[in-house]
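J.: Just passing along the structure, written as structure tokens.
The values are calculated or read from the model by the stated rules, or taken from the named source; none is laboratory data. Owing to the predicted nature of the structure, the values given are computational and were not obtained by experimental measurement. Glycine gets a Cβ as well: all are built from the backbone with ideal geometry, and neighbour counts include every protein chain shown. Please note that ligands, DNA and RNA were not included when accessible areas were found on the heavy atoms of the full protein model with its side chains. Shrake-Rupley method; radii C 1.70, N 1.55, O 1.52, S 1.80 Å.
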Amino acid sequence: QVQLVESGGGLVQPGGSLRLSCAASGSMFSINYMGWYRQAPGKQRELVARITRGGSTNYADSVKGRFTISRENFKNTIHLQMNSLKREDTAVYYCNALIQSGSSRVPSDYWGQGTQVTVSS
């Protein structure tokens, strides 16, 4: 069974930095992409950043230039370095991945449990 485990959330002052990590574990044949979504209270879940198997990345316009997504291939782990954080970045951040598990012929969507990021003074 595939699992995504996140870490690194917390409380930070505006202008500060945080680094989120997400590790995928279990029986996996391939990982098509991994990324981060976030959901603020009363708002829809939105894509923050994603990195594909080939290394291509894309970001929400609101985080371009401030957030950087990276990966450690051999550890099936991604990181989200968040700099110059703003109050509006406050949300629960969810790791997401499209993974073909060892027991399936088609890839499936997987989600982590979420980690809270609060930007406040």
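J.: Identify the residue in region 60-86 that is over 20 Å from T118 (Cα atoms) and assigned to a strand (DSSP E or B) and, among all such residues, is most open to solvent (accessible area, probe 1.4 Å).
T.: Out of the qualifying residues, it is R71.
J.: If a residue has to be surrounded by 14 or more Cβ atoms within 10 Å (Cβ to Cβ), assigned to a strand (DSSP E or B) and out of contact with any Gly (no Cβ under 8 Å at 6 or more places or on another chain) to count, how many in region 87-110 make the cut?
T.: 5
J.: Hey, another quick one. Can R45 be described as open to solvent by 60 Å² or more (accessible area, probe 1.4 Å), at pLDDT 95 or above and within 27 Å of S120 (Cα to Cα)?
T.: Here the answer is yes, as R45 does meet what is asked.
J.: Considering only region 74-93, how many residues are in contact with a Pro (Cβ under 9 Å, 6 or more places away or on another chain) and of a type in the set (K, R)?
T.: The total comes to 2.
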